[in-house]
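Written below as structure tokens is the structure these notes are about.
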């Protein structure tokens, strides 16, 4: 009895009729706490509520076979629970092994329950905040990309028209400014996806020299403007084909090269790539990229915070060179998520060398190429005879898409929303549908679902044109029956590639039953 009275847990012994034969001091205190309160009994592990009489029956007659019962007792007054107790009940046997009663041990778990409830509430609040953030990002992406689609698309068409040299120069300034804004939007979206843990990576075969060359050529005009020698060296590569996410690797390379060109007023920017083998893994190589420049360099203080989000060297650097300060932070996060490492060597006034390393599996496959039938991409007769239904509510984007399709020699018809598109499809035949997602009366998602139920709707390719650029937006488009996805702002070459895939490459790419 003395030992039991020293326990913090409540211990009691009852006979088969439920009469208390022994109870320790903690049990007496707990019984006093229960007075005047409503008791609710829940079988632990199941969440099943039981009345005390049934519980006593389980404890007394069924213990011999069950070996014990554990339940949670919640003592409350009104709607609020005050005390939560975990009770474990076991059969109490005599010397012959007969069950003559029950032994119960009870522990106060009120604090544990309250902590769990607090965590549940905090998790619900965090999930609600994450959903709100995702909704906000999707909304902002749509609201910004929609007018930007008109700006960049119309400027692209304008530059190809008969302009004077001065007019073309001004148009290219507008185009460059628009692409700068698009880069900022993409950086913010990528950073938000990384912060939310929603960044996804692909693993597909790719040709590394092709990836590098495309990024260098993309930046060559900017380097030429500043009279910077831009070069790359692949002599250190012992293999050129790998498995990985070529898009994300390209993004890191582009960020580092862009950064080097931005902070270099004259001299050079050089990209060097080399690979080394693993003794323990003959199928993979450690690939290292080095981006060196003769730019302004950085101090030790700047290097210490270089990969911190929204950070630049100082206020004067931000004013002179611009930018959000997200590029390097995003690059580091991407490399980390791909299992690699990234760093920099730099001295103020003596240039910098940024590097990153990734372990990549060597591929023997050729990167997938789409074999297109038909004529050269520049030949307007390649799409001759095909009709496209443009489902878009924004008048500027309607006009832009019309002009782009006219350049390809395609015939088209406009529907201002999904409802109008369904009406048109009752009497008209089309080879492809370009479908905006956010529209009044009937959006692109509902329209696609209804089109797929039409007799003629099962085999018409539907390409989503959306200003929402997040991964879940693409998944939603495919889930409702769309065949492909193109994010706004839509460049003409990307639109052309989609059209060639679905109109020319293989007429039976998608045949539905």
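Once you order the gyration tensor axes a ≥ b ≥ c over the Cα atoms, which shape class does the stretch 148-233 get: rounded for a/c under 1.5, otherwise prolate or oblate by comparing a/b with b/c? Oblate, since a/c reaches 1.5 and b/c is not below a/b.
Segment residue 220..residue 237, full-extension length gain: 3.9 nm, with 0.36 nm per residue of separation and the alpha-carbon distance subtracted.
The ranking of 401, 183 by Cβ neighbour count inside 10 Å, starting from the fewest, reads 183, 401. Mean separation of Cα pairs under 8 Å and 6 or more residues apart, divided by the residue count, gives the stretch 204-362 a relative contact order of 24 percent. The distance from the alpha carbon centre of the stretch 462-491 to that of the stretch 239-281 is 29 Å, rounded to a whole number.
Say R0 is 35 Å: what FRET efficiency, to the nearest 0.05, do residue 229 and residue 300 get from their beta-carbon distance? The pair residue 229/residue 300 has a calculated efficiency of 0.80.
Each part reduced to its alpha carbon centroid, the stretch 211-231 and the stretch 99-140 end up 54 Å apart.
Shape class of the stretch 380-505 from the alpha-carbon gyration tensor: rounded, with the ratio a/c of largest to smallest axis under 1.5.
With a simple spin-label model that places each label point 7 Å from the Cα along the Cα-to-Cβ direction, the separation between residue 203 and residue 337 comes to 1.7 nm.
A crude spin-label estimate for the pair residue 121 and residue 250, with each label 7 Å from Cα along the Cβ direction, gives 4.9 nm.
Laboratory data are not the source of any read-out in this text; all were calculated from the coordinates shown. What you see is a predicted model; the values in this text were computed from it and never measured. Note that we place each Cβ from the backbone using ideal geometry, even for glycine, and neighbour counts take in every protein chain shown.
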